[in-house]
Amino acid sequence: MAKKSDSFYFENFATCADCACRAAEFLADLMRNFDPQRVKESIDEMHAIEQEADEQHHEMSDALITAFITPLEREDIAMLSDGLDVVVDRIEGVLHRIYFTNIPSIRPDALDLVDLTVRACNELKALIGELARFKRSKSLRDHVIAINTIEEEADGVYIEAMRNLHTTCEDVREIIAWRDVYTFLEYCADACESVAAIVQTTVMKNS
């Protein structure tokens, strides 16, 4: 395999972050304009985005196996690639749970959570865009802080959504279904925060 240029690694990360944004927007659009009859066909569209992210992840893994010199420490690159892959997996996981728990309509606080997912992914994409020039970036730290803030906001919305679900809903099946959906929506924000933490640690190690 030919030696990969430094730009390969950062472009790969950027593509994965873009996949996360597209997946989040796709999920948000489906939930805002919800039609239960559309959910099954939407799974294939979401999976195509997830497959694209997987291909980038595998390409990065293959490159690291043969690389002699990398722009960042090999372990940090692997962790960041894994983290970005998890973000897309979590977003796809929300759609799977909407499908297999047979959600008939979307609760308003779920829309709040998916909007936070979109915001977190957009900040993540901006953060990854700064990574190649982290030594002179003036906004990288701001994006990390923004992602952390969004994750905290998502925690609050999640807690209140779960409280509201358990105090106002009397249908046990609906409670079980929505607990699963809410939890995976909150996982999306957690996954973005995890990537931000990896970036922050990587930058400190390489500064």
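Where a number appears in this text, it was derived from the coordinates with a stated rule and is not lab data. Quick caveat: nothing in here was measured; it's all calculated off a predicted structure. Using ideal geometry, Cβ is built from the backbone for each residue, glycine included, and neighbour counts are taken over all protein chains shown.
Gly156 satisfies every condition listed in (1) small (Gly, Ala, Ser); (2) within 18 Å of the chain's Cα centre (by Cα); (3) loosely packed, with under 14 Cβ neighbours inside 10 Å except (2). If you filter the range 44-70 down to residues that are of a type in the set (Val, Ile, Thr), in a helix (DSSP H, G or I) and surrounded by fewer than 17 Cβ atoms within 10 Å (Cβ to Cβ), you find that the one that is nearest to the chain's Cα centre (by Cα) is Ile65. One residue stands out among those in the range 71-106 that are farther than 18 Å from His47 by Cβ and of a type in the set (Gly, Ala, Ser): the one that is nearest to the chain's Cα centre (by Cα), which is Gly83. Summed over the range 21-43, residues that are surrounded by fewer than 13 Cβ atoms within 10 Å (Cβ to Cβ) and part of a helix (DSSP H, G or I) total 5. When residues of the range 135-153 are filtered for being buried (at least 19 other Cβ atoms within 10 Å of the Cβ) and in contact (Cβ under 8 Å) with a residue 60 or more places away in the chain, how many remain? Of the residues in that region, 1 qualify.
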